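Here's the structure we're looking at; comments come further down.
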Amino acid sequence: MTYLKSLALAGSMALATAASAEERFITIGTGGQTGVYFVVGQSICRLVNRDTPKTGLKCTAPSTGGSIANINAIKAGDMDMGVAQSDWQYHAYNGSAKFEGDKFDKERAVFSVHSEPFNVIARNDANIATFDDLKGKRVNVGNPGSGQLATMEVVLAAKGWTMADFALASELKPAEQAAALGDNKVDAIIYTVGNPNGSIQEAVSTVDAHLVPVTGPEIDKLIADNPYYAKAVIPGGMYPGTPDDVETFGVKATFVTSADVPDEVVYEVVKAVFDNFDRFKKLHPAFENLKEEEMIKDGLSAPLHPGAIKYYKERGWM
C-alpha cells in the first residue's frame, strides 16, 4: 500500500509539474490608471484569466506610460502586448516620426478598440475659447512616452508652434493633471482618450471648466494627409460646463503585439475577447458601441498577427 501511495504521490507531483510547465504569463501594457487604456488591458486580462485552467495563460496589465512606452516595451520583449494609438502603431511599423531610424517591422496588429478624441479642457477663468488661445498659457501637454504628448507635438508642428509658445508646458501624468487644473497650476490640459473619461470628469467637477474645439485648416490638413486621423465630435452634455457638441479630431485605440509572440497565445487572447464580446462591451462606457467588423480593420496599419487571423477566419469574418 505504501508503495502504491508513493506511486500515486509521484504521479500527482509529475502532473502538477507538467501543468505548471504549461503555464505562460503574458503582460499587457496599458496607460495611466485613470485612462481607458488601463481599463482595456485590465478587461482583456479578466477575460483571459477566466480560462486559465484550460489555456494555461495568466495575464497581467500594469499601468504604464502609454502608447509609445508600450510599443517600445513590446519591441524590447519586456511586454507581450499593449494598447497604442493608431497613429503610433503606424509610425512604429513604418519607422516614421518618433520611430525614424528605429522601425519596428515585427509589430503586429491584433484589433482596434474605441475612438480617442484629442481633448482639450480649459479653466473658464483662463479665457480659452479656441486652440489658438492656448498660446502664452500654462498647459499640461502629457507625460513622456505617452501618445497624448506625441500627438500634441504633431499638432504644434502643424501649426508652426513649439513648447516655448506656452508660458508653461508641464508633463504631468493623466492621474495628476485634473488636480493641477483644479489647483490653478495649469490653465488647460490635453488628453487623447476615449470618452466618457474619469480624469476629465474629475477635472470639470473640481473647477469650472469646458472642452475646447480643435479645428482649423491645419487640423483639416493633418486629417487629409494621415489616414490614421479622423474628425471627432464630443457630444454636448457629456461633461458639465460643455452643453454643446465640440469638434476635434482623433485616433483609434489599437491592441498590438509582436511577430515573436506565439500564434496560439494571440489566438487565445483574441478568442477570450470576442467569445465574451457582450461582457467586454459592458466593462467601460467607451466600449458600448464597438462592432466586431470595425475592430478587425479600422485603425490597423501593421499586418495582422497570424494568431488573430486564425480566429477571425474561424468566425467567418475574413
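The values are calculated or read from the model by the stated rules, or taken from the named source; none is laboratory data. Because the structure is predicted, anything quoted here is derived from the model rather than measured. As a convention, Cβ positions derive from the backbone with ideal geometry for all residues, glycine included, and neighbour counts pool all protein chains shown. Note: areas computed on protein heavy atoms with side chains; ligands, DNA, RNA excluded. Shrake-Rupley method; radii C 1.70, N 1.55, O 1.52, S 1.80 Å.
Some points to look at:
- Where Lys106 falls short, out of the listed (1) over 30 Å from Glu292 (Cα atoms); (2) touching a residue at least 24 places away in the same chain (Cβ under 8 Å); (3) surrounded by fewer than 20 Cβ atoms within 10 Å (Cβ to Cβ): (1)
- When restricted to residues that are over 20 Å from Gly307 (Cα atoms), open to solvent by 10 Å² or more (accessible area, probe 1.4 Å) and either in contact with a helix residue (DSSP H, G or I) (Cβ under 6 Å, 6 or more places away or on another chain) or among the polar types (S, T, N, Q) (or both), region 74-97 contains 4.
- Within region 219-245, considering residues that are in contact with a Leu (Cβ under 8 Å, 6 or more places away or on another chain) and either free of Cβ contacts under 8 Å to residues at least 40 places away in the same chain or part of a strand (DSSP E or B) (or both), the one farthest from Ala73 (Cα to Cα): Thr242
- Some residue of region 152-160 being within 30 Å of Phe287 (Cβ to Cβ), in contact (Cβ under 8 Å) with a residue 12 or more places away in the chain and open to solvent by less than 20 Å² (accessible area, probe 1.4 Å): yes
- Leading residue by the ranking (most open to solvent (accessible area, probe 1.4 Å)) among those in region 192-229 that are small (Gly, Ala, Ser) and under 25 Å from Leu283 (Cα atoms): Ser205
- Pair list, Cβ under 7 Å, 6 or more apart: region 61-78 residue within 16 Å of Tyr191 (Cα to Cα), other residue modelled with pLDDT of 95 or more and small (Gly, Ala, Ser): Thr64/Gly29; Ser67/Ala84
- Residues satisfying the stated conditions in region 70-100, i.e. modelled with pLDDT of 95 or more and of a type in the set (Gly, Ala, Ser): Ala73, Ala76, Gly77, Gly82, Ala84, Ala92, Gly95
- Cross-chain or 6+ apart pairs with Cβ under 7 Å, region 163-184 first and free of Cβ contacts under 8 Å to residues at least 24 places away in the same chain and among the β-branched types (Val, Ile, Thr), then surrounded by 14 or more Cβ atoms within 10 Å (Cβ to Cβ) and assigned to a loop (DSSP other than H, G, I, E, B): none
- Top-ranked residue of region 245-294 - restricted to ones that are under 15 Å from the mean Cα position of the chain (by Cα) and at pLDDT 95 or above, ranked as nearest to Pro217 (Cα to Cα): Thr254
- Some residue of region 42-51 being of a type in the set (Val, Ile, Thr), modelled with pLDDT of 95 or more and touching a Gly at 6+ places or on another chain (Cβ under 9 Å): no
- So Ala167, is it over 18 Å from the mean Cα position of the chain (by Cα), open to solvent by 50 Å² or more (accessible area, probe 1.4 Å), over 16 Å from His91 (Cβ atoms) and modelled with pLDDT of 95 or more: yes
- Hits in region 276-302 - residues which are farther than 19 Å from Val251 by Cβ, open to solvent by 10 Å² or more (accessible area, probe 1.4 Å) and in contact (Cβ under 8 Å) with a residue 60 or more places away in the chain: Asn276, Arg279, Leu283
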